[in-house]
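Reading through the structure tokens given below for one structure.
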Amino acid sequence: HHRMFLEPQEKKRSMKALVVKQAKKSCSCTPAKVKDYVFSFFPVLQWLPKYKLREYLLGDIMSGVIVGVLLVPQSIAYSLLAGQEPIYGLYTSFFASIIYFIFGTSRHISVGIFGVICLMVGQVVDREIQRAGYDLEPAALSVLTGTAAYVNTTISSVNGTSQKLLCDKSCYAITVGATMTFIAGVYQVAMGFFQVGFVSVYLSDSLLSGFVTGASFTILTSQAKYLLGLDIPRSSGIGSLIATWVNIFRNIHKTNICDLITSFLCFLVLIPTKELNEHFKSRLKAPIPVELVVIVAATLASHFGKLRETYNSSVAGHIPTGFLPPSPPDWNLIPNVALDAIPIAIIGFAITVSLSEMFAKKHGYSVKANQEMYAIGFCNIIPSFFHCFTTSAALAKTLVKESTGCRTQMSGMVTSLVILLVLLVIAPLFYSLQKCVLAVITIVNLRGALRKFKDLPKMWHLSRVDTVIWLVTMAASALISTEIGLLVGVCFSMLCVIFRTQRPEAPLLGWVAESETYESLSAYKNLQTKPGIVVFRFEAPLYYINKECFKSTLYKQTGVNPVWVKTAKKKAAKRMLREKEVDSGGNQTSISMDFVSEPLEFHTIVIDCCAVQFLDTAGIRTLKEVCKDYREIDVQVLLAQCNPSVRSSLIRGEFFKEGEDHLLFHSVHQAVDFA
């Protein structure tokens, strides 16, 4: 046996030197560094001077106008979901598009209103409205009667005491929404500043998909009452989905037939047209803006048919033009909503970063994940002063934007101009629009998330663990609550990883003839074994959770538990001594002696550590115990293919006695040759 000698690199680790070096790098200020910092913080300064007018402008204008046309009805519809007046949805989409144009690095994603985020905002808004003493009816249902509504003074009784409220319910609702949006934005910018984007790695694709599908059921449930024209309070908290359906069925005899028929007709138009858009998207230069057509037609029908006056149909009400003066968030509300803003911030930036990276990879450019966190953070912080609620990237609108010729972030600016036109001129014309039409638009846009059920067989075939994570997260998000569902999904996916390392694969290995390769005997045929040598591979890190599994699997695979062998030898020796004392005959004694001296089938165990990423103190202690126990029954244990981290842990843990470090081998073949 020829020992291979590798000389380790010298590691000069001085914490003080590292800190000083990093401080100098961070604190040094040169003109070039300032310029780089400004250009990286405002990406628009990099790409706008290089904008190719003839090549890019037509595609950007076309995609911007189409997304804007689609965004107007969705902004109005999703406002209901967030518990807000329609005008605030338009504000949110307008400001988000402009701010992402300045700070964003992705050329294709559409930042604006996202259904799941709106749902989470709406749940908090309803809770705070109830706490403040307003009635339980969602803020979105109250009809704004004019600009004077913002300064109305209402006397409301809270727990038997009188409290003077400076604004009406819709005003308080947007105050809560804007305050939570501000806090969520601060969290996102802080995550970018401290570079903790790694948090998003705990949100796997299956987890996010399950969460969005589960939340889609909650969205559908929250909109069902508008389809039937029912005036029932919005349930919140744990089990709100079931409580809402119970309320709906209790009040189903109060269904407004006009709203029900309108909803049915809108479904008949929207679903087939959306399916046609999907089916012929490769042939169509732009998707048919069916939502806008439906909203215009429904508004005209409601206005001229006098549906509100005749059938008491619920309508959007007055939507003012122009902008309200900016106002800061309510600092007194921050303690109430700070905790609720955490999952909203995490979901918002996780979806934005994952979508931006996906489309960047598809089109061959790079995005900065850290800058994306700043961008989505500022898309929440700045608009929160202008009566807006939380935003993030949205997949459906991003796909439309990409498929209609978008080339740069300029498309977002065009979208904001379309929304501005609506805000300044067209908005009041939607006064007679029925809320059931907005609910239909929201529900129809859930098709993509609900279609994930069709992918379950394929997902099960690919990965059963991912499928179970999807199902658990989806069920928890739908049946318990969205925030708890997200937490359950994260915890469950982590437990799945732990369980997989707790009971990993641990096969015996055989030798591939005429090579130096060793593979699993249970996976491949025609592998050879060396007489007297057992090769064992443990396919996980060895740490406190799986140390007992390591020992029990090793004993089972080798067929020899050294502790039992030692115990059996001691018992046999004691029996032999007793037999000598009573002098009962030689036959029994010879049998006992034969048992004691019965040889094992092997003399060496080689442990292949190629899949052991790390060892903790429990892992080192376990290896020491295994080696000691086998040594006592005359079996040597050799370690092979340990990575530098494991080698370092073994040396620090004094695994080897003086001069024994040569028993650590760089390959299984080398260890077997030595044995």
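The values are calculated or read from the model by the stated rules, or taken from the named source; none is laboratory data. This is a predicted model, so every value here is computed, not measured. Virtual Cβ from ideal backbone geometry, glycine too; neighbours counted across all protein chains shown. For the accessible areas, the whole protein counts, side chains as well, though only heavy atoms, and no ligand, DNA or RNA atoms are used. Shrake-Rupley method; radii C 1.70, N 1.55, O 1.52, S 1.80 Å.
Quick notes on this one:
For every residue, the table says whether it meets (1) touching a residue at least 12 places away in the same chain (Cβ under 8 Å); (2) within 20 Å of TYR88 (Cα to Cα); (3) of a type outside the set (Val, Ile, Thr).
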residue	(1), (2), (3)
VAL294	yes, no, no
SER314	yes, yes, yes
GLY317	yes, yes, yes
GLY322	yes, yes, yes
PRO329	yes, yes, yes
ILE334	yes, no, no
LEU339	no, no, yes
PHE349	yes, no, yes
THR352	yes, no, no
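- Checking SER235, SER156, SER206, SER200 one by one, the residue that is assigned to a helix (DSSP H, G or I) and either at pLDDT below 85 or among the β-branched types (Val, Ile, Thr) (or both) is SER200 and no other.
- Residues in region 276-320 that are of a type in the set (Asp, Glu) and crowded, with 17+ Cβ neighbours inside 10 Å: GLU291 alone.
- Residues in region 308-330 include at least one that is more than 27 Å from ASP126 (Cβ to Cβ) and either small (Gly, Ala, Ser) or at pLDDT 90 or above (or both).
- Filter result for ILE109 (at pLDDT below 85 and surrounded by 24 or more Cβ atoms within 10 Å (Cβ to Cβ)): no
- Region 485-516, residues that are of a type in the set (Asp, Glu) and at pLDDT 85 or above: GLU505
- Residue among ALA224, ALA215 that is crowded, with 24+ Cβ neighbours inside 10 Å, part of a helix (DSSP H, G or I) and of a type in the set (Gly, Ala, Ser): ALA215
- Filtered residues of region 373-391 (kept if open to solvent by less than 10 Å² (accessible area, probe 1.4 Å) and not hydroxyl-bearing (Ser, Thr, Tyr)): MET373, ALA375, ILE376, GLY377, CYS379, ASN380, PRO383, CYS388, PHE389
- Candidates GLN22, GLN74: the one that is at pLDDT below 85, surrounded by 10 or more Cβ atoms within 10 Å (Cβ to Cβ) and not assigned by the TED database to the domain that holds ILE319 is GLN22.
- Pick from region 489-503, criterion open to solvent by less than 50 Å² (accessible area, probe 1.4 Å) and either aliphatic (A, V, I, L, M) or more than 28 Å from LEU81 (Cα to Cα) (or both), ranking: nearest to the chain's Cα centre (by Cα): VAL490
- Pairs with Cβ under 6 Å, 6+ apart, first in region 57-75 and closer than 19 Å to LYS435 by Cβ, second open to solvent by 20 Å² or more (accessible area, probe 1.4 Å): PRO73/LEU292
Okay, residues lined up against (1) at pLDDT 90 or above; (2) within 22 Å of TRP47 (Cβ to Cβ); (3) among the polar types (S, T, N, Q):
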site: ALA341; (1), (2), (3): yes, no, no
site: VAL353; (1), (2), (3): no, yes, no
site: GLU372; (1), (2), (3): no, yes, no
site: PHE378; (1), (2), (3): yes, yes, no
site: ARG407; (1), (2), (3): no, yes, no
site: LEU429; (1), (2), (3): no, no, no
site: LEU433; (1), (2), (3): no, no, no
site: ASN445; (1), (2), (3): no, no, yes
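- First in region 470-499 and touching a residue at least 12 places away in the same chain (Cβ under 8 Å) and more than 16 Å from ILE219 (Cβ to Cβ), second anywhere and basic (Lys, Arg) and surrounded by fewer than 23 Cβ atoms within 10 Å (Cβ to Cβ), Cβ under 8 Å, 6 or more apart: TRP470/LYS452
- Scanning region 241-275 for residues that are open to solvent by 70 Å² or more (accessible area, probe 1.4 Å) and of a type in the set (Lys, Arg) returns ARG250, LYS254.
- Any hit, region 315-327, residues being over 29 Å from THR175 (Cα atoms), assigned by the TED database to the domain that holds PHE389 and touching a Leu at 6+ places or on another chain (Cβ under 7 Å): no
- Residue match in region 328-335 (condition: part of a loop (DSSP other than H, G, I, E, B), of a type outside the set (A, V, I, L, M, F, W, C) and open to solvent by less than 60 Å² (accessible area, probe 1.4 Å)): yes
- Criterion violated by LYS452 - all others in (1) in contact (Cβ under 8 Å) with a residue 24 or more places away in the chain; (2) touching a Pro at 6+ places or on another chain (Cβ under 6 Å) satisfied: (2)
- If you go through region 630-656 and keep only what is part of a helix (DSSP H, G or I) and open to solvent by 20 Å² or more (accessible area, probe 1.4 Å), you end up with ARG631, PRO644, SER645, ARG647, SER648, ILE651, ARG652.
- Region 337-356, residues that are surrounded by fewer than 17 Cβ atoms within 10 Å (Cβ to Cβ) and assigned to a helix (DSSP H, G or I): ILE342
- Annotation note: of ARG131, ARG107, the sole residue that is in a helix (DSSP H, G or I) and more than 23 Å from LEU423 (Cβ to Cβ) is ARG131.
- In the condition set (1) under 25 Å from GLN641 (Cα atoms); (2) of a type in the set (S, T, N, Q); (3) surrounded by 14 or more Cβ atoms within 10 Å (Cβ to Cβ), SER515 is compliant with all but (3).
- Hey, PHE430 over 11 Å from GLY64 (Cα atoms), under 25 Å from the mean Cα position of the chain (by Cα) and not polar (S, T, N, Q) or not: no
- Restricting ALA506, ALA476 to those that are part of a loop (DSSP other than H, G, I, E, B), under 37 Å from the mean Cα position of the chain (by Cα) and surrounded by 15 or more Cβ atoms within 10 Å (Cβ to Cβ) reduces the list to ALA506.
- The residue that is farthest from VAL212 (Cα to Cα), among those in region 355-398 that are of a type in the set (Ser, Thr, Tyr) and in contact with a Ser or Thr (Cβ under 7 Å, 6 or more places away or on another chain), is SER384.
- Residue count for region 544-563, restricted to those that are touching a residue at least 60 places away in the same chain (Cβ under 8 Å) and open to solvent by 30 Å² or more (accessible area, probe 1.4 Å): 4.
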